[in-house]
Structure formats: C-alpha cells, structure tokens
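Any read-out appearing in this document is the output of simple, stated calculations on the displayed coordinates, not a laboratory observation. Bear in mind the structure is a predicted one, so any value in this text is a computation, not a measurement. Virtual Cβ from ideal backbone geometry, glycine too; neighbours counted across all protein chains shown.
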Amino acid sequence: MQTILLDKQPITNSDLVAVARNNAFADFSQEGEARVEKTSALIRKWVKEKKVIYGITTGFGAMCNVIIPEKDTSQLQENILMSHAAGVGKPLPSDVVRAIMALRVHDLSLGYSGCRMETIRYMLTFLNKGVSPIIPEKGSVGSSGDLAPTSHLGLVLIGRGEAEYNGKRMAGGEVLRELGLEPLKLQGGEGLALINGTQVMTAIGVLVVNDAVRLSKTADIACAMSLEVLMGSNSEFDPRIHQIRPHPGQIATADNILRMIQGSEIIDSHQGCARIQDAYTLRCAPQIHGASKDAVAHAMRVIDIEINSTTTNPLIFADTEEVRLGGNFHGQPVAMAADYLSMGIAELGSVSERRIERLVNPQLSDLPPFLINNGGLNSGYMIGQYAAAALVSENKVLAHPACVDSIPTSANKEDHVSMGTIAIRQTREILDNVENVVAIELLCAAQAYDLLNEIRPLKGGVGTRVAYEVIRRHVPYLDKDRDLYLDIETMVKVLKSGEIVDAVEAAIGTLKGN
C-alpha cells in the first residue's frame, strides 16, 4: 500500500488523490511532529499567562472582545464546533471528505495553529480506518474559511456529530468506541484551528482539477473521432497555424488531435473534395478546447498553492513567539479560479453538444438520421442529443460566477466573503454534466464509424481506432432501439475510469494537457 506523509512540503494533487480515492496510508514524520508540538506548547504557556489571543482566550468573530477565563478554554473550543456545525444539504461524497481531512492534517502539520499532535493522530486514524464524517455540502460562505462544514468534521473528534464507518452511518461517539478511542478534550485554540481555513473548497478543487485534466483529454479524443466520421479535414491542425498564436492549450489540442488521426484512411478518402472549410466545432477545436485547457492549468496552479498554504487564523510564529491576525482563510483566490474553471469546463460540453448535433442531423452530415438504420421505427440517438442540450443549457446557469456575490456575516465584522465553496461545488456539477455530454458524443461517433463501415470499410487514425475499440468493448453497436440511458451510464463509467485516455496514450504517447 502506498504511504503518503501528509506533513511533507510540498504536497501534490496526486498525493491527495491517492489518499482521498485510493486509500493510500496517511502518515506523519518526526519533523512534522516536532513543529506541531513546539507551537502547541507555546499556546499552553500563553493560556496560563492569560495572554489575550483571538479565538484562544477570546470569543469569535464579532465577539472577539470578550475575554474567556482559563477554566473555560476547553469549553470554548467545543462550543465553536457545536455552534458552527450549521451545515445543510446532502452529505459530501466520501472522497471529498477524505481530501478535506488530509488537507486539514497538512495545514496543521505546518505548525502555525497550535493544534496538538494527539488531535492530528485522530484524523490520521479516521483516514486509515475508513471513517468518513458526515459533512453537509451547503452552509459555507467561503470566509472565514469553510466554518460550517469543517465544524461537522470536528464534532466527530469530540464524540458528537455523525460519521460513516464500515458502511453504516452512526453517531460520532459510537464510531470512537468502535475505534477504541475516547472523545478528544480540546485545548486552547484547537476548535478554531480545526475549522478556520479553505480546506473544503480546496478539497473539492483538488478532485475537480484532477478530473478536468482527464475530461479535457477525453474531449480531444471525442473531437478527433467526430472529425473523422464527419469527413473533416486535418489541415486545421497543422502546427504552423498554432505556432503563430501560441496559446499553450491551443497548441496542445491541435497536436493531440493530429496525432490521433495520423494514418486515417477516412480522412485521406476525401482529400480535395468540394468542401472548403469545416464548421467551427471541428475547425476551431484547438482554439476552443485549448482555452479550456488553459483554464484548467490556471486552476491547477491556484490549487497547488492553496494545498501548500496555511489558511488558519490566528497564525502562531513559534520561532519568534509571535501571533499575527490575518485573512489567509479568505477563499477569493480559489473562488475566482473555480468560476473561471467552470466556464472552461462548460465550454467543452457546449462544443461537444454541437458536434453531437452534426452527427445526428442528416442535413449536416452524410450519415443516416439520428445514426440508426430503419429510422422512423427506430429513433436512434435522437434523444441523446436532447439530453446533451439540456445539460449544456443547465451549465449556462451553473457557470454564473459565484465570487462576484458577497453577503456580510458576523455582525458585519466579516463584510466581504468569497462564496468559494459555492463556486467550486458548481464547478463539480458542471464537470459531471460535461462528462455525460462527452460520453454521448463518444457513443455517437462510435456508431457513425460502424455505419460508415457498412458503406465502405476504411480505417480510422491510430488513436481514434483504439478509442473506438475501447467503446465497443463496453457498449455494442446500436442496431435497433434499446434503453439508451444504460449505454450512457456505461460510457460515463468508462470515461471516469480513464480507460479510453490510457488506451489512446498507450498507442500514440501522452496526450498534452496540464
């Protein structure tokens, strides 16, 4: 089993995905423990000295002027978890929850919060034993960090709240008993340290960016297949075109598609035909897909910085024994990147749906109506295009930027918030929609290959042939109408697995993306 040291610097997107989705073992180094214990000891010293420190010996938010007696320090930290656990909605998926815990451990490991090693070990135990606290997905305004959702995580540590363990949803106290653990008795500042930060929006961002890279490559594969069966040209992918407008994503997309269609007998069969130029959804694919790739690359850079940052408050600088109050918990960098990424992913779906329309519409291709023989009795992929159109239309609403909204909170002490968690949740939903759209395009393109082959057997390109073969291993040719939703569900699972991308890359080399 792979082991990931969650206190290492830097930590990577792939490290977090390994813990969140592949159940890699989460561990901690002695160096990390030393950092944590040094700051924790300093906090205990300051509490005894009755030093006034926000959130440790004072109230929170607009009540920061209320001084808390030493005897109530522990109760203060429990109270913040209970009072702030006001999340609503469906629980976040377990992979997101695991990514949140891994990110929280990493942030605390940097030694700026004063959390004890004992508290961190509880979260490591949760990760390694498969405990997934129930965290409602809604309720965060993205500053001060993700207070409501992370409070639900903290509740389980003190024997409250709920978690899923061994396939059952149970009370936090019951989970701890099954693990042989006592509820944590939080010390100075630990409750605040557990909840004050951008770990929820960042955790979702880690997984979305990871999936967006795969989706971007899959969209290139779908486009290359559609290009062939729609009798498109390879001239628009000439590297010289893209070198004189050198956006990285544009160059990458053109190169990907050109390599996939290399050796295509289908494209060679209509060289010099009467058609002068292809439609934009084919001819401008490098420019459209490329801009989306650049959006993914930008989001990846922002998320990479965020996962290696401390986003709590107050910040303890143990070497100089100083406290600084700041605003690293404000989610604006992630919020803006998420909104940009939403638009980039949505556009992959928009252009894919237009290619689907060209595939099913006999006025726009030489293919049978709705890609089915004996049309009329059979409807073929008619409603597949409807579904894609519905998802693309829905994405237009979801892509409205969340970061431009702000509602003041905490008696106007927190008078500008990021809505970053809303932004990245919207991005995740858009990504799910676009995965379905691209899956439908792959099904339509594979069907078109079979229909063309009935007329004149011709081979596709070296990459598109492999993609077609993967599709046909999972979904058979549509010779007559059947339950289409089952084919779409199967194709989405294949897409998510990365099997198509892996097969194409094995045939032509790594597809350029991010």
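From most to least packed by mean Cβ count within 10 Å, the peptides 66-78, 142-154 give 142-154, 66-78. Sorted ascending by nearby beta carbons within 10 Å, beginning with the fewest, THR202, THR58, THR119 become THR58, THR119, THR202. Between LYS138 and ASP268, how high is the FRET efficiency from 1/(1 + (r/R0)^6) when r is the Cβ-Cβ distance and R₀ = 41 Å? Nearest 0.05. Rounded to the nearest 0.05, the efficiency is 0.15.
Taken over region 204-508, the ratio of Cα radius of gyration to 2.2 N^0.38 Å equals 1.14. Relative to its residue count, region 81-193 spans a Cα convex hull of 95 Å³ per residue. Pairs of alpha carbons in the chain separated by more than 34 Å make up 43% of all such pairs.
Cα gyration tensor of region 155-308, axes a ≥ b ≥ c as square roots of the eigenvalues: rounded (a/c below 1.5), prolate (a/b > b/c) or oblate? Note, shape of region 155-308 comes out prolate. Taking the DSSP beta bridges with both ends in the chain, the antiparallel portion is around 75 percent. Students often get this wrong, so check it: of LYS293/LYS480; LYS45/LYS168; LYS138/LYS168; LYS185/LYS493, which have C-alpha atoms separated by over 32 Å? Pairs exceeding the cut-off: LYS293/LYS480; LYS45/LYS168; LYS185/LYS493. Annotation for region 104-127 versus region 129-172: alpha-carbon center distance of 16 Å. Geometric descriptor of region 87-126, per residue, is 79 Å³ (volume of the convex hull of the Cα atoms). Computed from point charges on the beta carbon alone (+1 for Lys and Arg, -1 for Asp and Glu), the dipole magnitude for region 204-508 about its Cα centre is near 560 Debye. Run the simple label-point estimate for ILE67 and ILE455 please: 7 Å along Cα→C-beta, distance reported in nm. My value for the distance between the label points is 8.6 nm. Remark on region 3-197: Rg and Dmax equal 16.0, 46 Å (Cα only).
Derived scalar couplings between HN and Hα for region 215-230 equal 5, 4, 5, 5, 4, 4, 5, 4, 5, 4, 5, 5, 3, 5, 6, 8 Hz in order, rounded to whole Hz, by the Karplus curve 6.51 cos²θ - 1.76 cosθ + 1.60 (θ = phi - 60°), x for Gly and Pro.
Between SER14 and LYS50, residue separation times 0.36 nm minus the direct Cα-Cα distance comes to 8.7 nm. In region 320-428, the C-alpha radius of gyration followed by the widest Cα-Cα span (Dmax) gives 22.4, 80 angstrom.
If the segment from ASP405 to ALA390 were pulled out straight at 0.36 nm per residue, it would be longer than the present Cα-Cα gap by 2.8 nm.
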